[in-house]
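The values are calculated or read from the model by the stated rules, or taken from the named source; none is laboratory data. Since the structure is predicted, the reported quantities are computational estimates derived from the model, not experimental observations. When we count neighbours, we look across all protein chains shown, and the Cβ atoms used for this are built from the backbone with ideal geometry, even at glycine. Surface accessibility is based on the protein's heavy atoms, side chains included, excluding ligands, DNA and RNA. Shrake-Rupley method; radii C 1.70, N 1.55, O 1.52, S 1.80 Å.
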Amino acid sequence: MNKTFALKGDICFSKALTELEFYENSYLICENGRVAGIYRELPEKYAGIEVFDYTDKLICPGMSDIHLHAPQYAYRGLGMDLELLDWLDTITFPQESRYADIEYAKKAYDVFVDDIKHSATSRAVVFATIHRQATEYLMEAFDREGMAGYIGKVNMDRNSPDIYREETAESAEETARWLDDVTGRYASVHPIITPRFVPSCTDGLMKRLGEIAAERHLPVQSHLSENLSEVDWVHELAPDSKGYADAYDRFGLFGTSGKTVMAHCIHMRDDEIELMKERGVFVAHSPQSNENLRSGIAPMRKFLNRGVKCGLASDVAGGSTINMFKAVTDSIQVSKLRWRLVDDTERALTFPEAFFLATKGGGEFFGKVGSFEDGYEFDALIIDDSSARTVLELNIPQRLERIMYLGHAGSIIAKWVAGHKLF
Ligand code: GUN
Ligand code: FE
């Protein structure tokens, strides 16, 4: 791709955690899929390039949803009255087992991909199911529609019903076969090693996955310290581990093979937080899921103070919506409850901080993603906030904050990912 163009409008993005940069009625230049500057007037050297005129509209970076479950999208907003382990047994495992049927999987994944394409998300780190064929279909559809990210075939060889469990050898072999099929096949969708969580994977399987990840230098995603009963169970299942984080680390699945993201990280010991920092392991914070499943409130201020890499996530269908505007404001709201009810030394998140997490924070998992600084991949959203009527005169950050609190995902009227226009 060798194309230069500009978007014109009211531009807003994060460089640093605590402050928003904004440029009124300005030009954002894309060159070869990357940001090449912001100008109040179009410079002479760009005379004649295509300009998409979005005067009076907001332009911000696309968002990164760094943890969600594509097969759970079908039942989003349902069955929200259970805690994690009962929810997995009663709803999630039976529903995910349906993706053995490729015709069902295609129907369900087509809906998911079409909806996420039109959402605020430009990149995602996604769990599929244990089924190789359905996972390949999801990757193909995600890529075809211009979305970018990592998608994982899930591994599970214990503690789930027969219809949704693999044999250890089968799980490892299917993973290797899947990797042979999909590696390098898509422009912007890549595989990621995906042990569901410690209770779902025997030591034998974890060991094989660690070896595969190391041999092929692959990224890893999983769940960590989400629910108190889950944490107790992991301590029983892995008595030789120093703790939950170590139950991954001892198999090379904690930031040593490649980039690693762990969902939730609510009930963490200090030494585990330190290990995350040391290994560059990302926290995927899913405030809405944590509320729905009554898991708790992640100590985001602590992670930020200690320099742990963090991003936001929907965790659909623990979270009921893929709307990342909601993830931004939910993360602020739950942090206020944590400050008031749990620990008043942990200051609540501010809007600029939550916006940073949804864009540049989580975007770092994909490289130079989530900002409009020069050289960043060109992921942009155009937001029309005019239907959210007010008589007030607002500046650009205020308009952005308001549209996110109002949750108006439908206000996204155009979207680019890596320099390609999706709609
Ligand atoms: N832990 C293991 N599997 C899951 C899942 O599907 N969702 C959530 N929220 N936590 C999990
Ligand atoms: Fe999850």
Loop-only trypsin sites (Lys or Arg not before Pro) in the range 184-278, please: DSSP not H, G, I, E or B, and at most 15 other Cβ atoms within 10 Å.
ARG185, LYS242, ARG269
At R0 = 56 Å the Cβ-Cβ FRET efficiency linking ARG389 and ASP344, nearest 0.05, sits at 0.90
What number, in percent, do you get for the relative contact order of the range 288-345 if the mean sequence gap of Cα pairs under 8 Å and at least 6 apart is divided by its residue count?
37
Rounded, prolate or oblate: which fits the range 309-366 when a ≥ b ≥ c are the square roots of the eigenvalues of the alpha-carbon gyration tensor, with rounded for a/c under 1.5 and prolate only if a/b beats b/c?
oblate
On a C-alpha basis, how far is the centre of the range 180-253 from the centre of the range 115-153 in Å? Whole number, if you could?
19
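Mind ordering 142-151, 81-90 by average Cβ neighbours within 10 Å, highest first?
142-151, 81-90
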So the carbon and sulfur contribution to the accessible area of the range 42-163, 1.4 Å probe, in percent, is 46
How long is the gain from ASP56 to LEU82 if the chain were fully straight, where each residue apart is worth 0.36 nm and the alpha carbon distance is subtracted?
4.9 nm
Per residue accessible area of the chain, 1.4 Å probe, in Å²:
38
Going highest first, how would you order 363-372, 325-334, 123-132 by mean Cβ packing within 10 Å?
123-132, 325-334, 363-372
Rounded percent of accessible protein surface that carbon and sulfur make up, the range 370-409, 1.4 Å probe
46
Net charge around ALA187, counting only other residues with Cβ within less than 12 Å of its Cβ (Lys, Arg = +1; Asp, Glu = -1)?
-1
Counting alpha carbon pairs within less than 8 Å and at least 6 residues apart, what relative contact order, in whole percent, applies to the chain?
21
Taking K and R as +1 and D and E as -1, what net charge do the other residues with C-beta under 14 Å from the C-beta of ALA388 add up to?
0
I'd like the FRET efficiency for ALA214 and ARG34, computed as 1/(1 + (r/R0)^6) with the beta carbon distance as r and R0 of 35 Å, rounded to 0.05.
0.65
On the formula 1/(1 + (r/R0)^6), with r taken between the Cβ atoms of LEU42 and LYS336 and R0 of 41 Å, the FRET efficiency rounded to 0.05 is 0.45
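Which of the pairs LYS326/LYS360; LYS45/LYS368; LYS277/LYS326; LYS302/LYS336; LYS3/LYS45 have their Cα atoms more than 20 Å apart in this structure?
On the way: LYS326/LYS360 17 Å; LYS45/LYS368 25 Å; LYS277/LYS326 27 Å; LYS302/LYS336 14 Å; LYS3/LYS45 14 Å.
Violating the 20 Å Cα-Cα cut-off are LYS45/LYS368; LYS277/LYS326.
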If each residue of separation counts as 0.36 nm, what is the full-extension length gain between ILE163 and LEU422 once their alpha-carbon separation is subtracted?
89.5 nm
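I need the peptides 16-25, 113-122, 378-387 ranked by packing, meaning the mean over residues of other C-beta atoms within 10 angstrom, with the highest value on top.
In decreasing order of mean packing, 16-25, 113-122, 378-387 become 113-122, 378-387, 16-25.
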Points 7 angstrom from Cα along the Cβ direction at ALA16 and GLU278: gap in nanometres?
3.0
Beyond a 19 Å Cα-Cα separation, which of these cross-linked pairs lie in this structure: LYS117/LYS309; LYS153/LYS259; LYS107/LYS421?
LYS117/LYS309; LYS107/LYS421
For every helix of n ≥ 4 consecutive DSSP H residues, a contribution of -39,500 (n - 2.57) applies; sum these over the chain, divide by its total residues, and give [θ] at 222 nm rounded to the nearest 500 deg cm²/dmol.
-9500 deg cm²/dmol
Using alpha-carbon positions, the gyration tensor of the range 109-150 gives root eigenvalues a ≥ b ≥ c; with a/c under 1.5 called rounded, otherwise prolate if a/b exceeds b/c, else oblate, the class is prolate
How many angstrom separate the Cα center of the range 288-349 from the Cα center of the range 46-61?
33
Karplus (6.51, -1.76, 1.60) ³J(HN,Hα), θ = phi - 60°, over the range 380-389, in Hz, Gly and Pro reported as x:
9, 10, 9, 10, 9, 9, 6, 6, 8, 6
Taking a ≥ b ≥ c as the square roots of the Cα gyration tensor eigenvalues, with a/c under 1.5 meaning rounded and otherwise prolate when a/b beats b/c or oblate if not, the range 273-392 comes out oblate
Net +/- balance of residues flanking VAL35 in space, Cβ distance below 13 Å, scoring K and R +1, D and E -1:
-2
